[in-house]
Every structure is written in structure tokens, then in C-alpha cells.
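To start, the structure itself, in C-alpha cells.
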């Protein structure tokens with residue numbers, strides 16, 4: 001499962017505290033804000049019940065606005081019980097600043113946040129950076145380090161760090177627009193297809209552009225520095241079969257389809273009259289981690305076995321002759 005690393009979240013929370021509550025409340029201000037900045041990922045404890053539970057519950061209720069308010073209240077109650085600060089508004093503001101910083105970082109990634117869960121399942125994402133970005137984390141580390149080494153100028157260090165990170169994100173926005181433009185020029189006149197531009201791992205110059213048409217996806221890997229398309233591949237589901245519907249009774253498939261943005265399936269029949277339905281995601285299939293589900297069914301459509309597809313990242317570096 002991909003997520004922005006806890007180190008980045010903690011560093012961001014530390015700098016926010018240094019600019020705000022840390023000056024007056026010192027250690028308490030830092031602790032409350034940093035705890036808030038990592039609290040959303042406490043759902044990692046679901047991994048104790050196995051990868052299925054973690055895959056189902058991570059980045060769900062804890063990453064919604066409702067979950068954020070609940071987490072804020074619970075953490076604030078704990079802070080008030082064990083510290084001398086009894087001003088409810090101040091405590092909640094400390095924790096809330098950290099919580100909001102977590103959502104701000106996570107929404108930059110392709111996985112998306114179910115902000116209005118459980119009322120709406122739609123996920124929101126800016127599709128701007130990968131789940132671990134070395135430039136972002138380096139900027140945050142530098143800010144915290146300089147703020148610690150030169151405390152009298154810590155505010156300047158934090159603000160300079162924010163300026164670097166924001167400038168980098170703005171640069172990625174430009175590169176994202178370039179990637180979209182390159183693909184649209186390749187496609188020709190707009191035929192109404194939906195175009196999605198997502199980060200391809202950590203490079204600001206490599207982007208995955210996915211064109212969604214009625215019954216297929218076209219995946220482009222674009223290098224904006226070289227201004228060219230490195231690869232092009234089409235994905236579409238196979239012919240519909242009754243086993244496809246039966247496979248959706250799988251808990252894994254149900255969870256996967258709620259999370260997948262670009263799903264497709266393939267059905268194969270084996271010599272023993274059993275069937276395999278393979279669900280995949282166009283974007284995740286080339287990036288590693290959990291990227292699909294395989295369901296095996298008998299001749300009557302009953303599920304025999306189900307498992308998540310997990311693999312190491314596979315990157316395209318050479319230009320495909322298909323383009």
C-alpha cells in the first residue's frame with residue numbers, strides 16, 4: 001500500500017509548530033502538532049489483521065473530514081488530560097493544524113482522499129507527486145535541521161523550506177501540463193475522451209497520461225524533458241463472462257473496485273474447466289505494490305481462491321515502437 005511516509009508528515013508538523021504554537025507552548029506545542037500530523041496513519045494497526053484488512057481500511061474513514069474531526073477531538077481530550085493547558089480552543093488548534101497538514105500532503109498523491117466518507121465514496125486527488133518525493137522530504141529535512149541549528153532564525157528557515165517545496169510543486173504543475181499537451185497533440189482533435197495525468201514515480205519529468213474512452217484505456221508514458229512519448233499501450237476488458245459477475249462477490253474485488261481509478265479485467269478458462277478472472281488497474285499495474293486481484297472460480301461460478309496481486313515496480317524507459 002502506498003502512502004506519504006510518516007517522516008515527511010512529522011517534519012511538516014514540526015515546522016508548522018515552530019512557526020505557531022511552539023514559540024509559546026514549547027514542547028507541548030510541538031508534540032500536539034506532530035501527533036496530529038501523523039495521526040491519520042494510525043490506521044496502520046489494521047495490518048495486524050493482515051494485508052486484506054489494511055488494504056480495506058487504510059485511507060478511508062481516518063482520511064475523511066469527519067474522521068479528521070473525530071481524531072482531533074480524541075487527541076485534544078488526551079492532551080487536556082495530561083498537560084496543564086486547559087484552553088480547549090488552543091489545544092484543538094494545535095492538533096488540528098497537524099491533522100490538516102497531513103491531508104494537504106496526501107491529497108497531492110494519486111491515491112486520493114475520501115474527504116466526504118461515509119456520505120460520499122468519491123476520492124479527491126491533485127495527482128502531483130508520488131508517495132515518496134525526495135525533493136519534498138529533502139526540503140523539509142533541511143528546514144527542520146537549520147531551524148534546530150540556528151534557533152534564533154528558525155522562522156526564516158521554515159519559511160524558506162516552505163518556499164522551496166511550493167516552488168517545486170509549482171514546477172511539477174508546469175510539467176504536468178506539458179505532459180497533457182504532448183499527448184493531446186499525439187491524439188489529434190479532441191473527441192471528448194477523459195484525460196488523466198498522474199506522476200510516474202518520483203521524477204518531475206516522467207508522467208503517466210491515461211486516456212479513458214468508452215471501452216478502453218490508452219496509457220502513455222511521457223518524458224517532458226525530452227518532449228516525447230516513451231511508450232504507448234492500450235488496455236481493455238475482455239469479453240463479458242458470467243464469471244466476471246461472480247468474481248465481484250469476492251471481498252478483495254469489492255475493495256479493489258472501490259479504490260481503483262482505471263480498472264479492467266481478463267477472463268481465462270483452464271483445461272480443468274475452472275476460470276480465472278484477473279482484475280487490474282492501468283496506472284498501478286506499472287508501478288508495483290497492490291495493483292489487482294486474481295479470483296479463481298469453478299465451472300459453476302463459485303469462488304475457489306482469491307488473492308491480491310503485488311509486484312515490484314516496472315518502469316518503461318525506452319521509446320516504444322507502438323507510438
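The values are calculated or read from the model by the stated rules, or taken from the named source; none is laboratory data. Worth saying up front: this structure is predicted, and the values here are computed from it rather than measured. Using ideal geometry, Cβ is built from the backbone for each residue, glycine included, and neighbour counts are taken over all protein chains shown.
Sub-6 Å Cβ pairs linking a first residue in the range 82-94 that is touching a residue at least 24 places away in the same chain (Cβ under 8 Å) to a second residue that is surrounded by 10 or more Cβ atoms within 10 Å (Cβ to Cβ) and part of a loop (DSSP other than H, G, I, E, B), at least 6 apart or interchain, are 91/85; 94/21, ordered by first then second residue. For the condition touching a helix residue (DSSP H, G or I) at 6+ places or on another chain (Cβ under 7 Å) and either exposed (fewer than 13 other Cβ atoms within 10 Å of the Cβ) or in a helix (DSSP H, G or I) (or both), residue 168 qualifies. Residues in the range 53-76 that are assigned to a helix (DSSP H, G or I) and either out of contact with any helix residue (DSSP H, G or I) (no Cβ under 7 Å at 6 or more places or on another chain) or not assigned by TED's automatic domain parsing to the domain that holds residue 104 (or both): 65, 66, 69, 70, 73, 74. Restricting to the range 292-323, what's the tally of residues that are modelled with pLDDT of 75 or more, closer than 22 Å to residue 212 by Cβ and in contact with a helix residue (DSSP H, G or I) (Cβ under 8 Å, 6 or more places away or on another chain)? The qualifying residues number 2. Residues that are free of Cβ contacts under 8 Å to residues at least 40 places away in the same chain, exposed (fewer than 15 other Cβ atoms within 10 Å of the Cβ) and in contact with a helix residue (DSSP H, G or I) (Cβ under 9 Å, 6 or more places away or on another chain) within the range 206-230 comprise just one, 225.
Among the residues that make up the range 183-195, is at least one of them crowded, with 18+ Cβ neighbours inside 10 Å, touching a strand residue (DSSP E or B) at 6+ places or on another chain (Cβ under 9 Å), without any contact (Cβ under 8 Å) to a residue 60 or more places away in the chain and not assigned by TED's automatic domain parsing to the domain that holds residue 114? Scanning the range 183-195, I find at least one residue that is crowded, with 18+ Cβ neighbours inside 10 Å, touching a strand residue (DSSP E or B) at 6+ places or on another chain (Cβ under 9 Å), without any contact (Cβ under 8 Å) to a residue 60 or more places away in the chain and not assigned by TED's automatic domain parsing to the domain that holds residue 114, so the answer is yes. Can you go through 32, 53 and tell me which one is crowded, with 21+ Cβ neighbours inside 10 Å and either closer than 30 Å to residue 260 by Cα or out of contact with any strand residue (DSSP E or B) (no Cβ under 7 Å at 6 or more places or on another chain) (or both)? Going through 32, 53 in turn, just one is crowded, with 21+ Cβ neighbours inside 10 Å and either closer than 30 Å to residue 260 by Cα or out of contact with any strand residue (DSSP E or B) (no Cβ under 7 Å at 6 or more places or on another chain) (or both): 32. Being within 19 Å of the chain's Cα centre (by Cα), more than 27 Å from residue 157 (Cβ to Cβ), surrounded by fewer than 20 Cβ atoms within 10 Å (Cβ to Cβ) and modelled with pLDDT of 90 or more holds for only one residue in 100, 73, 65, and it is 65. The numbered conditions (1) under 20 Å from the mean Cα position of the chain (by Cα); (2) crowded, with 16+ Cβ neighbours inside 10 Å are all true for residue 162 except (1).
Scanning the range 240-261 for residues that are out of contact with any helix residue (DSSP H, G or I) (no Cβ under 8 Å at 6 or more places or on another chain) and under 25 Å from residue 192 (Cβ atoms), we see that the one that is surrounded by the fewest Cβ atoms within 10 Å (Cβ to Cβ) is 240. Kindly check whether there is at least one residue in the range 77-86 that is in contact with a strand residue (DSSP E or B) (Cβ under 8 Å, 6 or more places away or on another chain) and not in a helix (DSSP H, G or I). Among the residues of the range 77-86, not one is in contact with a strand residue (DSSP E or B) (Cβ under 8 Å, 6 or more places away or on another chain) and not in a helix (DSSP H, G or I), which makes the answer no.
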